[in-house]
Structure formats: C-alpha cells, structure tokens
Amino acid sequence: MAEEEFYLTIPCATHYIAYMSTVKRSIQDKFIQELNRGVMGLAVLSRLQEEHYGYSLIKELEQEGYLLSQDTLYPLLRRWEEQGVVESQWKMEESRPRRYYRLSDGGLELYEKLKSEWGVLNTTLGRLLK
Amino acid sequence: MKLTADAKSWLERYERALGHHLPLKGRKDIRREIHSHLMDDLEERYADKSVNEEAMKEYLQDLGSPRRKAAVYREETALIPPAVFPLFRMVAGIVLLVLTIVLLATQTIELAAEGITFLGVLKILAETVSALVHTLGILVIIFYLLQKFLPEEDWQDPLDDEIWKVETLPAREYPSRVKLGDPAAGLILSFLAILLFTVFSSQVGIHQFTGKTHSFTPLLSPAFWSLVPLLLFRWGLEMGFSILLIVQRRWSLSLRLGDLALRAVSLGILVLFLRTGFSTLFLVEELNGLGLESLTSILKILFPVLISLGILGTVAEIIKKAIALYREPEGQEK
C-alpha cells in the first residue's frame, strides 16, 4: 500500500510543480506585457520629434534598450496617423521609398502631457518601490 | 546586399500572400511599407552578401505566417463590446429567465394533462433548450447590430450614467419588507377556494330559489373537475407560500424565485383552460336548459378573451418580477 502511494504521489507532485511553475510564468509574462504596453506609446512618441521611418525607429529604440517588434509598431503608427498624432510622408532614399513619421502639433502636445504625467508617476512609484 | 531572382520571387510570394490577408483599407500602402521594412532588415542581416533562395526561405520562415503578420493590422472586434456587455447581460438574463419559466410551466402542465411520458419530458427539455439557444442568438444579433449602427458615444456603460443618491442605499442586504396584505389575502382566498372545491364541491353550480323551492343545476363539466386537483395543488402552494412570507416578513432571493414559480404554474393552468375551451369546461346544455342561452353565448366569447388577458397579465407579471431580481432594493428600510 505504502509502495503504491509512493509511485502515485511522486509523479503527481512533479507534474503539479511543473504545471504551477508554467502558470506562474504565464502570469508573470502577462504582467510584464501589460507594463510594457502601458509605456510603449510614450517610448515611441519620445523618438518621433525627429523624423523616422519604421525600421530606423525600431533600431533607435533598440539601441536605447527598448525592444519593439515590427508587428507592434506599424499598426500603432497607422492608428496614430488616423488620430492625428503623427504625420507621415513617403520619401525616396537609397533607391527605395520609405515612409517617414513625425509628431504632429497635436502629437507634440500629447507627448509633453504624457511626459509630465510620467514624471509624476515615476516619482510616486519611486517612493512606493523603495 | 543583392537578391537572387529566386530569392526575389519568394519574397514576392510572401508579400502577395500577406497582402491577401491585409484589410482592404490601406492595403497597398501597408504592403509597400512592409516591403520597405523587410528590405531594410535584409540589408542589415546580409550587408554585402547575396541572398539566395535558401537564405530567403529561411528568413521568411522566421518571419512567421503571412496571415498572422497581417492580422495585427485588423482592428480588434467583438460581437458585443465591453461597454455594451453589462446591458446585454442584464437583458439576456431577464429574457432567458422569463422564457424558461413560461416555456417550462406551459409545456409541463400541458404534458401533465396529456399524461407524463419519458419522451414527453425529453421533448420539453429539448424544446426549451433549443428556444433558449435561439433567443440568445437573436439577442446577440440584435445587440451586435445596435452597437454597429448606433454612434459609439451612445453606448456608454448605462451604469456610468445612473443617477443615484447615497440616501437611497438600503439599510439592509437584499431582502426587503413584505407587504402583509398580499400574502394574507392570498392565504384567505386560497383557503376559501380549497374549501369550496373539496368540502362544498357538490354545491358548486347554480342555485335557484323560487318561493320555498330550491333547485340546483351543476355548472362544471367532468373535464373541469378533472383539472380541479391541479387547481387545488396551485392553491395549496399559494397557501404555503403566503404562510412563509408572513413568517419571514422579508423578501429573499429564494422567495422571489418561488413567487416566479407560482406565477409560472398559474400561467400553465390558464393556458390549459384556454386550450380546453368554454364548451368543454362548462355544462353548456344545462345552462341553456335554464333559459340562459344569451348569457351562455356571451360567456363563450368572453371566456377566451378573459383567459387570454389573464395569460398576458401573468406573463407581464413574470417579466416585472424577473426584472425586479436585477434591481437594487428600493428605498430605505424602516
């Protein structure tokens, strides 16, 4: 009887721990994803005071340590353009046309507002996370 | 970086497939931008090298399926958006609850009258489930169309706009005070009805007193008397429920559901009466024999009208009570 319990318990416990660790990881991933999503807009806006095409924007953010995928950036820029946050124009460079984006006046105003909100939030969180 | 003809062809195939899944609006523009991005990326990866067929296939494989890549350009849509969902849930809850009660009550009593069989029960359950699924589907379509064609600003969460005053918060949790008049009347009337149809059942009819002579004409047919046990059951339930209300003094969720069930039984009985008909339930010949032909012909017309009104009233009452289940208790408790 005791032997049976041993064989039944050990694999279950191992599976349970493995399962729980996967669940824990997925919850952590979701939290990190949400955190990143919250600041992504501000990060991209910060680079768009100067004109950028998508690829150069991704590379510049990457150099600063902020990773952003193409699949996230381009739909975001399109949405912002519809909302009037950014303006874009196609330019012919190095034998290939590229679409350049830049903050509109409204986008610049939005960026300043968000930057100031971020400052307050950052100070508050800094105190909370001490 | 230089692309071989084969590599270029594979890239074109990928972009063509991707373009196929892109939204129509801005498709050409998006495709052009993606091409520009991919060329920049390839240039950085392969710099001075040449990209052959194999390298391109490997690169495209790593990019992921064109359908998935195109999907990020599509706006997230929902049949019922979050802002509309609370209202949908409330409406669907009330409609489905009322429908379940009405269907189960009418069909069960009909089945009881015809004779209960296993297949009959199964048929009622299947029909009820089918009707509920249909109704839910129709509600989803209605709400989808409403949110699609009504301006977005009209679809704020209705709870956001609710005007409320802190003073209206009830002092106690869900149960609210029972008005004693209703259960008391219910108790007395049900008791009298039971008494009439049990102890004095032989006296139910038309009594005529002419001078010192008394004549009695029965009014109700055997078909009516076959339904009397059902009526007694309903009145018995009413008495029990009224006593419970008087003792408890406060409405609770289970009492409210019990009240709904009682009304459902009434609805079923009314439907049964309507289906059976005046001429079957009452001894028309006997009434005519008393010279009451004109009254009989009026009653023949009035009976279905009155029963139909009763059915409508009961359904309205069930709807009202079901809606009340979703409402906040009213006012302050005293």
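Could you work out [θ]222 nm for chain A from helices alone, using -39500 (n - 2.57) per DSSP H run of at least four and dividing by all its residues? Round to the nearest 500 deg cm²/dmol.
For chain A, the value works out to -25500 deg cm²/dmol.
Could you give the angle, 0 to 90 degrees to the nearest 10, between helix B:53-63's Cα long axis and the longest principal axis of the Cα atoms of chain B?
40
Report the Cα centroid-to-centroid distance between region B:180-199 and region B:298-321 in angstrom, as an integer.
21
List, in the order given, every pair from A:Lys115/B:Lys57; A:Lys30/A:Lys115; A:Lys30/A:Lys130; B:Lys123/B:Lys321; A:Lys115/B:Lys49 whose Cα-Cα distance in the structure shown is over 31 Å.
Flagged as over cut-off: A:Lys115/B:Lys57; A:Lys115/B:Lys49.
Once phi is turned into θ = phi - 60°, what whole-Hz ³J(HN,Hα) does the Karplus curve with 6.51, -1.76 and 1.60 give for every residue of region B:251-259, x standing for Gly and Pro?
Computed from phi, the couplings for region B:251-259 are 6, 10, 4, 5, 5, 5, 5, x, 4 Hz.
Given charges of +1 on the Cβ of Lys and Arg and -1 on the Cβ of Asp and Glu, with all other atoms neutral, how large is the dipole of the protein assembly as shown about its Cα centre, in debye to the nearest 20?
960
Using a 1.4 Å probe and ignoring any ligands, DNA or RNA, find the accessible area of B:Arg27 and quote it in Å² to the nearest 10.
Probe radius 1.4 Å; accessible area of B:Arg27 about 70 Å².
Filter the DSSP H helices in chain A by two things, a Kyte-Doolittle mean of at least -1.0 and an axial alpha-carbon span of 24 angstrom or more, and list the hits by number. Before the final figure, lay out each step's value.
On the way: long enough: A:2-47 (65 Å, 0.03); A:105-128 (34 Å, -0.37).
Counting only whole DSSP H runs, the qualifying helices are A:2-47, A:105-128.
Whenever you get a sec, line up B:Val98, B:Val166 from highest to lowest accessible area (probe 1.4 Å, protein heavy atoms).
The residues order as B:Val166, B:Val98, largest area first.
Determine Rg/Rh for the protein assembly as shown; Rg is computed over alpha-carbon atoms and Rh is the Kirkwood hydrodynamic estimate from the same atoms.
Reported Rg/Rh (Cα atoms, Kirkwood Rh): 1.20.
Residue by residue, what Karplus-based ³J(HN,Hα) values in Hz, rounded to whole numbers, does region B:125-137 have, using 6.51, -1.76 and 1.60 with θ = phi - 60° and x for Gly and Pro?
My calculation for region B:125-137 gives 4, 5, 5, 5, 4, 4, 5, 5, 4, 4, 4, 4, x Hz in order.
Given just the C-alpha atoms of chain A, how large is their convex hull per residue in cubic angstrom?
179
What is the average number of partner chain Cβ atoms found within 10 Å of a Cβ in B:33-41?
Per-residue shielding by partner chains comes out at 6.
Nearest 10 degrees is fine. How inclined is helix B:293-326 to the longest principal axis of chain B, computing both from alpha carbons?
The two axes meet at around 40 degrees.
Would you list B:Met1, B:Met39 from the most to the least accessible area, probe 1.4 Å?
B:Met1, B:Met39
Using modelled backbone amide H atoms (1.01 Å from N, in-plane), which distant-in-sequence or interchain residues come within less than 5 Å of B:Leu220's amide H?
B:Leu283
Taking the Cα centre as origin and putting +1 on Lys and Arg beta-carbons and -1 on Asp and Glu beta-carbons, what dipole magnitude results for chain A, to the nearest 20 debye?
On the way: 17 positive and 20 negative charges, 56 e Å.
Magnitude of the dipole: close to 260 debye.
Taking H as built 1.01 Å from N, whose amide H comes closer than 5 Å to the amide H of B:Val51, not counting residues under 5 places away?
B:Lys2, B:Leu3, B:Thr4
Using only Cα positions of chain B, each an equal point scatterer, no hydration layer, compute I(q)/I(0) via Debye at q = 0.09 Å⁻¹ and quote the log10 values to two decimals.
-0.75
So what is the relative contact order of region B:195-311, in percent, for Cα pairs below 8 Å that sit 6 or more residues apart?
So the answer I get is 27 percent.
Based solely on C-alpha atoms, express the radius of gyration and the Dmax of region B:210-334 in angstrom.
Rg, Dmax (Cα atoms, Å): 19.6, 62.
Just from its helices, what would the mean residue ellipticity at 222 nm be for chain B, if runs of 4 or more DSSP H residues each count -39500 (n - 2.57) and the sum is divided by every residue, rounded to the nearest 500 deg cm²/dmol?
Calculated at 222 nm, the ellipticity per residue is -23500 deg cm²/dmol.
About the Cα centre, and with charges only on the beta carbon of Lys, Arg (+1) and Asp, Glu (-1), how big is the dipole of chain B? Nearest 20 debye, please.
So the magnitude is around 780 debye.
Taking a 1.4 Å probe, which of B:Glu12, A:Glu50, B:Glu76 shows the most accessible area, and what order do the others take after it?
Final ranking, largest accessible area leading: B:Glu76, A:Glu50, B:Glu12.
What accessible surface, in Å², does a 1.4 Å probe find on B:Arg256, ignoring ligands, DNA and RNA and rounding to the nearest 10?
B:Arg256 exposes around 50 Å² with every protein chain in place.
The values are calculated or read from the model by the stated rules, or taken from the named source; none is laboratory data. From a predicted model like this one, the values you see are computed outputs, not experimental measurements. Heads up, the Cβs are rebuilt from the backbone with ideal geometry, glycines too, and the neighbour counts pull from every protein chain shown. Please note that ligands, DNA and RNA were not included when accessible areas were found on the heavy atoms of the full protein model with its side chains. Shrake-Rupley method; radii C 1.70, N 1.55, O 1.52, S 1.80 Å.
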